[in-house]
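Here the structure is laid out as structure tokens; the discussion comes afterwards.
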Amino acid sequence: MKRETITRMLNGLDDRYVSEAEAYLPVAVQESPERISHMKKKRILTFALAAALILLLGAAAYASWSVHTVRQQELKADFGIEENKVDSYVEYAVPDGQGQGLVLLSAVNDGREQRVYVNISPVSEEEAAAFPDKTRFVWCIEGTEIGGFAAPQLPVELSLSGTDEIRAAVMEHAYDKETQTLTLQGFLDVNMVERAMTELGTDAVPLAVQMLPEDGEPRSFGPVPFALTGEQSRVFDFGRAVYHDEELDKDIEIIGLELTPFSAVWKVSYEGAASFHTPEADWAAYEPWSLLEDKICIEAEIVFSDGSAFSTGGALTTPYKDGAVHLTCGWGGAIDIDDVQRIVLGDLVLWERK
């Protein structure tokens, strides 16, 4: 079965989801997709960034920067925002000093989820180090029952396993001991936010974060007003291209691709698809089709002008709607969706820039 996104939802969150997150990945329990070849994106390490700032601004000017500004620069560099021309990435004005509480850093909308990055403080060293087993974080929209799982924001290419590795990475990359500030990321379902806007009769919802220690009372940060940001996307029409898998001896129609800098939706169709994506599905009969769905998401190559190629990775969700299966994928670092030259699956050219 494919991974579900239930770990992002507050309702129904229990210990089994925490244990599933034992192999922790920084993109809200998503795997970063495999890089088929080296991408254009260049990682800028924190220390290199700090050194460059000191050289450019001088030590005194750098000292006046807030931890929030530093975190914004780190996020932008880690995601590859500038080199991949992500116009939809939004940064917010932050306090000049080390403002406490809940501070919005940045956000980006991938069409299905609004990714939001925040700082919360004060969080003690002991509280931060207790994640993920004894301290949990959730985001919520005050005045509603809408909320979901939040987690420390770690470098997108970092892959961890085990509580000790997770704790060490959180303290190194997401926590600032001097200001007792922790950087978190939350994935807000766009439809849920829109529902909250309707319920509250407002365009900016009151976004808050709660820290839930195993021992002790929950602590709230915020709320701060938050409005959905704009989406940046491209739609590729494949003209219902047919891919034949020799190993499975099956044909599947690949209808098209919706692409954002951080996500993709492959639209496919095949015999019996509607019945396989229901609670009453015959899982044994669906298994070969599930393998073929994964093959499309993982083995299809998005090729850029420099010859590098990108895989969207396995599907996180696979809803059936509008006559097609929507294979929804997500990743951490941005890609330049305007630089796509070809989209291929094996010998089949699905799309090519004319």
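The values are calculated or read from the model by the stated rules, or taken from the named source; none is laboratory data. Small disclaimer: the values here were computed from a predicted structure and weren't measured. Here the Cβ positions follow ideal geometry from the backbone for every residue, glycine too, while neighbour counts run over all protein chains shown. Heavy atoms of the whole protein, side chains included, go into the accessibility calculation; ligands, DNA and RNA do not. Shrake-Rupley method; radii C 1.70, N 1.55, O 1.52, S 1.80 Å.
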Quick check, is Leu316 within 13 Å of the chain's Cα centre (by Cα), open to solvent by 10 Å² or more (accessible area, probe 1.4 Å), more than 20 Å from Gly272 (Cβ to Cβ) and of a type outside the set (Val, Ile, Thr)? yes
Kindly check whether there is at least one residue in the range 276-297 that is of a type in the set (A, V, I, L, M, F, W, C), in a loop (DSSP other than H, G, I, E, B) and touching a residue at least 24 places away in the same chain (Cβ under 8 Å). no
Evaluate the following for Val193: is it touching a residue at least 24 places away in the same chain (Cβ under 8 Å), among the β-branched types (Val, Ile, Thr) and in contact with a Gly (Cβ under 9 Å, 6 or more places away or on another chain)? no
Filter result for the condition that a residue is hydroxyl-bearing (Ser, Thr, Tyr), open to solvent by less than 10 Å² (accessible area, probe 1.4 Å) and out of contact with any Ser or Thr (no Cβ under 8 Å at 6 or more places or on another chain), over Ser269, Ser275, Ser263, Ser311: Ser311
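Go through the range 330-354 and give me each residue that's outside any loop (DSSP other than H, G, I, E, B) and either open to solvent by less than 10 Å² (accessible area, probe 1.4 Å) or free of Cβ contacts under 8 Å to residues at least 12 places away in the same chain (or both).
Once the filter is applied, which keeps residues that are outside any loop (DSSP other than H, G, I, E, B) and either open to solvent by less than 10 Å² (accessible area, probe 1.4 Å) or free of Cβ contacts under 8 Å to residues at least 12 places away in the same chain (or both), the range 330-354 yields Gly330, Ile337, Val340, Ile343, Leu345, Val349, Glu352.
Out of the range 219-243, which residues are exposed (fewer than 14 other Cβ atoms within 10 Å of the Cβ), over 30 Å from Phe137 (Cβ atoms) and at pLDDT 95 or above?
Answer for the range 219-243, where residues must be exposed (fewer than 14 other Cβ atoms within 10 Å of the Cβ), over 30 Å from Phe137 (Cβ atoms) and at pLDDT 95 or above: Arg234, Val235, Asp237, Val242.
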Which of the residues belonging to the range 195-212 are of a type in the set (Gly, Ala, Ser) and either at pLDDT below 95 or under 12 Å from Gly143 (Cα atoms) (or both)? Ala196, Gly201, Ala208
Those residues of the range 145-154 which are over 15 Å from Ala130 (Cβ atoms) and surrounded by 21 or more Cβ atoms within 10 Å (Cβ to Cβ) amount to Gly147, Gly148, Phe149, Gln153, Leu154
So, in the range 150-167, exactly how many residues are at pLDDT below 95 and in contact with a strand residue (DSSP E or B) (Cβ under 6 Å, 6 or more places away or on another chain)? 0
Tell me whether the range 180-202 contains one or more residues that are touching a Phe, Trp or Tyr at 6+ places or on another chain (Cβ under 8 Å), open to solvent by 40 Å² or more (accessible area, probe 1.4 Å) and part of a helix (DSSP H, G or I). no
Count, please, the residues in the range 244-303 that happen to be under 16 Å from Thr328 (Cβ atoms), in contact with a Phe, Trp or Tyr (Cβ under 9 Å, 6 or more places away or on another chain) and of a type in the set (Asp, Glu). 2
With Ile141, Ile81 as the choices, which residue is aliphatic (A, V, I, L, M), open to solvent by less than 60 Å² (accessible area, probe 1.4 Å), in contact (Cβ under 8 Å) with a residue 60 or more places away in the chain and under 19 Å from Met211 (Cα atoms)? Ile141
